[in-house]
Amino acid sequence: MSPSVLTHLECADCGARHDRLALVNLCACGGSLMARYDLHAPRLAALKERLSVREADLWRYAELLPDPGFSISLGEGFTPLIAAQATGRAAGCPGLLIKDESANPTGSFKDRGLSVAVAMAKALGAKAGALPSAGNAGSAAAAFGARARLPIHVFLPADTPRSFFGEVEAFGAVLHKVDGHIGDAGRAMRELLAGEGWFDLSTLKEPYRVEGKKTMGYEVAEQLGWTLPDAVLYPTGGGTGLIGMWKAFEEMETLGWIAPGRRPRMYAVQSQGCAPVVRAFEAGKDRAEPWADPKTAASGIRVPAPFADRLILRILRESGGGAVAVQEGEIAGAAREIARHEGILPAPEGAACLLALSRLLALGAIAPRDRVVLFNTGTGLKYPEALGF
Ligand SMILES: *Cc1c(COP(=O)(O)O)cnc(C)c1O
């Protein structure tokens, strides 16, 4: 019997119900589809207590994920939550914790979403998958495509760090280099997509990447003894992890695993070279205008027009959090500071969150006694240029 209590998919915009066994992208209205579960199912009763003996990957939450019926796990998820006291003390927030996503199989948290999405695409009959990427998502899709025997097409901006090209091809995926940014890569993909019959794995345009990424929310709670931090610092590109974690908090409240009304303040961190979410948040808007000339070495957050802008902005406001743009020129230094203090060589996106922490402390939005979780979303090793090596 399948462990999953998935019941159906639901449109985040219009609420329409969709069959969970369909290979679908968006709702007819254009909204993102969200997986819904029977959170009152009897088999979930003692689940929380049974988790501790399970494998240390994200599939430990199998009941609360879709079930592909086979495993392609490479051990993705259940990454360490590290007390970063030296970094925290230097910044003025000794309770700082780093969720170190560089420990994932291909070196970033993109493995979470793509493990689940690639497995489900294969299970539901896709013949091939395709996605635009700034690098890490392409590597993750290619790796899990190899594992699932699903052909993958990856569309990367031509100025993506070179290591990503080699990695994608090594995993046997088809690499398409596109002039421009990730939005241009997406357009190039869609021109080919329909004719070729590839399944679109773009984030929030299929239901399951967000399910993989929501496990970060479950893990933080489990690792903190079923409590949540005061604040979360999240380098935001497409916003999948932010949306996923918020969904996890909601599910855990319904499950009775965490106390209601204690969710963290969520902070979206972007670079001043590409800050569409920050600009919209500060202007009080509920949609983000596309950023004209996106430039940042933190390529994972070089997303000029996030598809799920409304969901992201709603969560930032509902949580009492906010959005911070950091100085591009300070990112490499922040990365070296985390490296020196903690023995973690962070991705520039993770390093940007340390700059955001200092800013939020100066503004009084974060208090020195707060327990803060900073997401280091990947390894710095794939972006030597960004870190000044
Ligand atoms: C993709 C990516 C991000 C942004 O993640 P979203 O959930 O799409 O906002 C941040 N950091 C790294 C390293 C990434 O690869």
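Summed over region 77-89, the residues that are crowded, with 17+ Cβ neighbours inside 10 Å, outside any strand (DSSP E or B) and away from the ligand (no atom under 14 Å from the Cβ) give a count of 5.
Among the numbered conditions (1) part of a helix (DSSP H, G or I); (2) touching a Leu at 6+ places or on another chain (Cβ under 6 Å), the only one that residue 166 does not meet is (2). Residues of region 305-321 that are within 13 Å of the ligand (Cβ to nearest atom) and either open to solvent by 10 Å² or more (accessible area, probe 1.4 Å) or within 15 Å of residue 244 (Cβ to Cβ) (or both): 305, 306, 307, 308, 311, 312, 315, 316. Residues in region 232-277 that are of a type outside the set (Gly, Ala, Ser) and either over 30 Å from residue 58 (Cα atoms) or assigned to a loop (DSSP other than H, G, I, E, B) (or both): 236, 257, 258, 260, 262, 263, 264, 272, 274, 276. The C-beta contact set for region 13-31 (first residue in contact (Cβ under 8 Å) with a residue 40 or more places away in the chain, second residue surrounded by fewer than 11 Cβ atoms within 10 Å (Cβ to Cβ) and part of a loop (DSSP other than H, G, I, E, B), distance under 6 angstrom, 6+ apart or interchain) comprises 23/125.
Considered as a group, the residues in region 195-248 that are among the hydrophobic types (A, V, I, L, M, F, W, C) and at positive phi include one that is nearest to the ligand (Cβ to nearest atom), and that residue is 204. Residues in region 90-109 that are closer than 16 Å to residue 378 by Cβ and either away from the ligand (no atom under 16 Å from the Cβ) or outside any loop (DSSP other than H, G, I, E, B) (or both): 98, 99, 100, 101, 102, 103, 108.
Looking at 325, 334 in this structure, which one is in contact with a strand residue (DSSP E or B) (Cβ under 9 Å, 6 or more places away or on another chain) and open to solvent by less than 10 Å² (accessible area, probe 1.4 Å)? Result: 334 is the single residue among 325, 334 that is in contact with a strand residue (DSSP E or B) (Cβ under 9 Å, 6 or more places away or on another chain) and open to solvent by less than 10 Å² (accessible area, probe 1.4 Å).
Regarding residue 26, is this residue under 24 Å from residue 204 (Cβ atoms) and open to solvent by less than 30 Å² (accessible area, probe 1.4 Å)? No; evaluated as a whole, the condition is false for this residue.
Mind counting the residues in region 110-157 that are assigned to a loop (DSSP other than H, G, I, E, B), open to solvent by less than 20 Å² (accessible area, probe 1.4 Å) and either free of Cβ contacts under 8 Å to residues at least 60 places away in the same chain or in contact with a strand residue (DSSP E or B) (Cβ under 6 Å, 6 or more places away or on another chain) (or both)? Adding up the residues that qualify gives 3.
Scanning region 171-184 for residues that are touching a helix residue (DSSP H, G or I) at 6+ places or on another chain (Cβ under 8 Å) and surrounded by fewer than 16 Cβ atoms within 10 Å (Cβ to Cβ) gives 172, 177.
The values are calculated or read from the model by the stated rules, or taken from the named source; none is laboratory data. These numbers come from a predicted model, not from an experiment. Methodologically, a virtual Cβ is constructed for each residue, glycine included, from the backbone with ideal geometry; neighbour enumeration extends over all protein chains shown. We work out accessible area using only protein heavy atoms, side chains counted, and drop any ligands, DNA or RNA first. Shrake-Rupley method; radii C 1.70, N 1.55, O 1.52, S 1.80 Å.
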